[in-house]
Amino acid sequence: MSRVIYSVASSLDGFHTDAEGDFSWAVPDEEVIAALNADAAGVSTYLYGRRMYEAMAVWETDPEVAAQSPESAAYAGTWQAAQKVVFSATLPEVWTQRTRLERKLTAEAIKSARAEAAGDLTVEGPTLAHSALHLGLVDVVELLICPILVGGGTRVLPEKLRTSLSLKRERRFGNGMVQLTYDIR
């Protein structure tokens, strides 16, 4: 059965973006992108909120992004081949291929996406992931810890959520980033 994976970059103090909404400090190098590409090989569907979809759509709409490096080009191909489900009450339409718009995140919508998926699904973006975690729909939490303290911003993990985790993998990268993968028990 397909897993729902919350995959997110995080500052060491637990934020996805800083207080100004910036996450440029989380840009991975080639070694990290290669590892993330290997992980993405098992993903067939990306689940996004509006803001994350708008940020990620460049992998299809801006050829210069993919042209940055061989690993970036590989990721662009993977992203374009995957299904995307965007959950947004305010987005008027989607503009990338293999993408559908859902107006509300519900357990039924995630279960439907899981049933249709040929591989794993990732929940991208903390706002959507917080809701999915509270609904008990996430199977795996995968954190890419960046070597920075930002002091505030958008939290990676929701408040008032108590969940037991089991560490399945840890990877260290030369740039100081660390990837931690936990199964939710």
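The values are calculated or read from the model by the stated rules, or taken from the named source; none is laboratory data. This structure is a prediction, so every number in the text was calculated from the model and none was measured. Positions of Cβ are generated from backbone atoms using ideal geometry, with glycine treated the same way; all protein chains shown enter the neighbour counts.
Assorted remarks:
- Region 124-148: number of residues that are touching a strand residue (DSSP E or B) at 6+ places or on another chain (Cβ under 6 Å), part of a loop (DSSP other than H, G, I, E, B) and either more than 19 Å from Y182 (Cβ to Cβ) or at pLDDT below 95 (or both): 2
- Here A57, A89 are screened, and the one residue that is under 25 Å from I110 (Cβ atoms), among the aliphatic types (A, V, I, L, M), touching a residue at least 24 places away in the same chain (Cβ under 8 Å) and out of contact with any helix residue (DSSP H, G or I) (no Cβ under 8 Å at 6 or more places or on another chain) is A57.
- Subset of region 31-74 (residues that are buried (at least 16 other Cβ atoms within 10 Å of the Cβ) and among the acidic types (D, E)): D39, E60, E71
- Per the listing E159, E108, the residue uniquely in a helix (DSSP H, G or I), out of contact with any Asp or Glu (no Cβ under 7 Å at 6 or more places or on another chain) and loosely packed, with under 12 Cβ neighbours inside 10 Å is E108.
- Hits in region 112-126 (condition: surrounded by 19 or more Cβ atoms within 10 Å (Cβ to Cβ) and either at negative phi or in contact with a His (Cβ under 7 Å, 6 or more places away or on another chain) (or both)): A113, A117, D120, L121, T122, V123, E124, P126
- Residue check for V65: over 16 Å from the mean Cα position of the chain (by Cα) and either in a helix (DSSP H, G or I) or acidic (D, E) (or both): yes
- Count - residues of region 68-83 that are without any contact (Cβ under 8 Å) to a residue 12 or more places away in the chain and not in a helix (DSSP H, G or I): 1
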